[in-house]
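The structure under discussion appears below in the form of structure tokens.
The values are calculated or read from the model by the stated rules, or taken from the named source; none is laboratory data. This is a predicted model, so every value here is computed, not measured. Note: ideal-geometry Cβ built from the backbone for every residue, glycine included; neighbour counts use all protein chains shown. In case anyone asks, the SASA skips ligands and DNA or RNA and just uses the protein heavy atoms, side chains included. Shrake-Rupley method; radii C 1.70, N 1.55, O 1.52, S 1.80 Å.
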Amino acid sequence: MNRAETRLDTLAGLWRRERDAAAARAKARRAGLSLPERVANGDALADCVVDDLTLAAGGRTLLWVQPAQWPEDLRLSAGSPARLWWTHPDDPEGSLRAVVARRRAQRLGVMIDGEVPDRVLNGQFNLDADDPLQTFARGDAALARWRNAAPRSAEARLRGVLFGEAAPVFGPLGPDAPLDPALNGPQRAAVQRALAAEDVAFIHGPPGTGKTRTLVEVVRRAAAAGERVLACAMSNTATDHLGVGLLAAGVPVVRLGHPARVADALEARSLDALLANTEAAQLARRWQGEARDLRRRAFNRRDRGTAGRSEFRQLMNEARALERDGRDQLRAAQQVILDGASVVCCTAAGADSGLLGAQAFDWVVLDEATQVPDPLALVALSRGARVVLAGDPEQLPPTVIDREAEREGLGVTLFERLAAAHPGAGTLLQVQHRMHADLMVFPSERRYGGQLIAHPSVAQHTLADLGVVDDPLRPGALILIDCAGKGCADEAAEGVADGSTLNPGQAERTAAEVRRLLSRGLPVADVGVITPYRAQRRRLRALLASEVADGLEIDTVDGFQGREKQAIVLDLVRSNDAGQVGFVADRRRLNVALTRAKRCLMVIADTATLGAHGDFADWLTAVEAHGTWASAWNDDAPPLDEG
């Protein structure tokens with residue numbers, strides 16, 4: 001057994017453990033809390049009805065679900081696994097697996113495979129978050145496929161490079177003739193290096209260095225050369241970001257699945273939207289309407305006692321036959337669309353969708369590759385002859401539930417291992433176009449070997465450049481509001497199953513600082529509030545409800561990954577006598593939190609608690625040298641127009 005086969009066998013075992021842990025956690029959440037409690041936590045919907053349905057690509061059906069009550073903080077988003085149930089969520093005979101497709105106001109669109117059970121269409125049911133069974137099954141299949149790759153196949157050749165048996169091979173560099181003339185030197189070098197790869201290349205993109213823009217150029221150049229590209233990322237949001245960039249560059253992508261953040265242009269390029277404009281879809285919709293009428297007639301006649309069992313069954317069978325004919329029409333039309341697509345966008349797990357069949361691509365481009373566990377990366381990579389991985393090992397890692405499996409290697413990605421073993425196969429993007437130079441100092445020195453360079457257009461940009469009034473007590477781009485000694489103690493949140501933490505006193509201070517910042521004339525859409533804990537996020541959203549209604553974004557670190565704002569207020573929450581620092585001990589998440597701001601970063605923290613941790617202590621040194629350190633004792637952060 002060679003090294004690659006050994007590693008794949010190990011991964012298969014770790015993946016099984018992770019699957020079991022995910023299933024156990026989902027089941028425990030359902031068992032540990034009542035349905036009303038799960039609804040309050042945003043993990044479930046109660047007393048749902050189907051408001052509408054549409055036949056979708058791949059033999060699926062999109063159900064529009066309307067609950068009796070919409071939770072304040074629904075955790076389900078596009079791509080989330082869900083379970084519809086009417087007897088018990090863990091009863092296979094009384095439940096149905098689904099995947100969340102999209103959200104519209106107070107309706108949730110969920111996708112199911114095949115025909116819809118009559119029980120769902122003609123009665124109430126509940127909906128719970130579920131474990132991603134299909135995702136794990138796709139990972140299992142990918143591991144087996146790569147483990148058993150035929151000698152001399154594309155997978156066998158790539159397998160040797162990905163798992164340390166061979167070094168990446170590069171051909172001669174092509175011409176430096178970017179389609180995007182605004183690319184800087186490191187970005188252009190990364191594109192040339194990637195396109196010269198005969199198997200695998202990687203691009204290391206620290207925050208603000210234009211990693212996705214660089215990938216867009218790689219895809220554009222490949223497509224212009226007549227090659228097909230599968231463009232992927234771990235999450236729907238990151239996939240959408242890549243897809244929107246490609247569309248803006250004039251690349252007519254086809255997006256599998258539904259966009260997580262609804263961008264009109266990208267939604268119009270989803271496979272379902274493209275199908276909706278075909279004659280086949282019009283015919284399928286007509287047959288679907290006829291099927292709905294047949295079902296309604298069957299139930300009405302049965303309920304009035306004018307139809308016996310045989311007639312009822314006949315009407316229902318006719319309805320199903322019409323829907324099957326509609327699906328056949330859609331299946332043929334979708335094949336035509338996909339066969340003609342030069343660039344297809346999907347999540348890494350979605351690359352194994354039956355929609356793609358046996359289609360292969362010249363290139364697979366995987367963005368946010370440092371967030372993708374190996375089994376799911378292999379799902380996507382199995383579609384291509386050559387691979388470009390892009391990511392940043394200093395930002396969010398893969399989400400792994402089983403801590404032992406994470407320590408044994410499931411938390412380390414293909415990107416990280418390749419970068420360590422073959423640094424020459426990658427390119428570091430060094431010029432960042434996001435952060436003021438004072439905000440860049442700490443991440444550059446602590447995480448990127450001091451190699452980041454602030455582009456002149458951002459190096460000294462400030463809020464004042466936007467017409468924002470100066471605040472003499474909070475000058476500069478980097479500001480710390482120290483809450484040490486104010487008695488703002490953190491505490492465990494009650495009535496939630498996620499073990500979350502909040503700090504009511506510090507939340508009040510954060511809300512006051514946000515209002516003071518807005519009073520300077522900064523548009524609410526330019527401000528983001530980040531906190532590491534869901535419970536604190538809920539508290540802040542309540543305290544700043546009117547600002548949230550006007551467009552203020554308050555989210556966790558994970559929710560802000562890949563995003564930026566002119567000003568960020570970061571509430572670190574932890575304040576306790578035991579010195580428990582929580583989130584601050586996670587270097588990757590701390591790095592993400594500290595690199596979202598463009599012109600102003602304000603951190604609300606208790607330095608007496610957090611200062612004992614090495615990373616935070618080093619950041620405090622950066623504040624002393626390049627920023628403003630203010631005590632919460634000095635004022636109560638009144639808005640400037642009331643000061």
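Annotations
- Rounded to the nearest 20 debye, the dipole magnitude of the range 327-425 is 340 debye, with +1 charges on Lys and Arg beta carbons, -1 on Asp and Glu beta carbons, and the Cα centre as origin.
- Under 12 Å from the Cα of residue 211 - aspartates and glutamates, other chains or at least 8 residues apart: 367, 368, 392
- The range 232-302 and the range 468-538: distance between their alpha carbon centers, rounded to Å: 39 Å
- As a calculated quantity, the FRET efficiency between residue 6 and residue 564 at R0 = 35 Å, using C-beta atoms, amounts to about 0.25.
- The Cβ shell under 11 Å around residue 409 holds other residues with a net charge of -2, Lys and Arg each +1, Asp and Glu each -1.
- Distance between modelled label sites at residue 153 and residue 492, nm, 7 Å Cα→Cβ extension: 5.0 nm
- Taken per residue, the accessible surface of the range 312-469 reaches 36 Å², heavy atoms only and a 1.4 Å probe.
- Within the chain, the ratio Rg/Rh, alpha carbon atoms throughout and Rh by Kirkwood, equals 0.98.
- With Cα atoms, 0 to 90° folded angle of helix 211-224 axis to the chain main axis: 50 degrees
- Helix axis angle, 504-519 relative to the chain longest principal axis, alpha carbon, degrees: 80 degrees
- The chain, dipole about Cα centre (Lys/Arg Cβ +1, Asp/Glu Cβ -1), debye to the nearest 20: 1820 debye
- For the range 114-171 and the range 391-409, distance of Cα centres in Å: 18 Å
- In a reduced charge model with +1 at each Lys and Arg Cβ and -1 at each Asp and Glu Cβ, the range 254-409 shows a dipole moment near 1340 debye about its Cα centre.
- Positive-end residue, the range 281-372 charge dipole about Cα centroid, Cβ charges, pick of 314, 346, 336: 314
- Packing here is the average count of other Cβ atoms within 10 Å per residue, and on that basis the peptides 234-246, 77-89, 30-42, highest first, run 234-246, 77-89, 30-42.
- Taking the three principal axes of the alpha carbon atoms in the range 29-188, the coordinate ranges are 63, 44, 34 Å, sorted in descending order.
- Rounded tilt (10° steps) of 3-32 against the dominant C-alpha axis of the chain: 80 degrees
- As a calculated quantity, the FRET efficiency between residue 106 and residue 176 at R0 = 51 Å, using C-beta atoms, amounts to about 0.50.
- Counted charge near residue 183, where neighbours are those whose Cβ lies closer than 14 Å (Asp, Glu -1; Lys, Arg +1): +3
- Of the residues 58, 576, 629, the one whose Cα sits farthest towards the positive end of the charge dipole of the chain is 58 (charges of +1 on Lys and Arg Cβ, -1 on Asp and Glu Cβ, taken about the Cα centre).
- Sum of -39500 (n - 2.57) over DSSP H runs of 4+, divided by residues of the chain (222 nm, nearest 500): -12500 deg cm²/dmol
- Across the options 129, 139, 46, the greatest Cα extent toward the positive end of the charge dipole of the chain (unit charges at beta carbon of Lys, Arg, Asp, Glu) belongs to 139.
- Whole-Hz couplings from phi, Karplus 6.51/-1.76/1.60, listed for the range 588-601; x for Gly and Pro: 5, 5, 4, 4, 4, 4, 7, 10, 8, 7, 9, 10, 8, 10
- Average Cα contact separation per residue, the chain, under 8 Å, 6 or more apart, as relative contact order %: 13 percent
- Among 543-552, 215-224, the order from most to least packed when residues are scored by Cβ within 10 Å on average: 215-224, 543-552
- Equivalent ellipsoid dimensions for the range 6-55 as semi-axes, Å, which come from the Cα gyration tensor, largest first: 33, 18, 6
- Residue 300 sits among other residues whose Cβ lies under 13 Å from its own Cβ, and their net charge, with Lys and Arg +1 and Asp and Glu -1, is +4.
- Comparing Cα centroids, the range 539-564 and the range 172-213 end up 34 angstrom apart.
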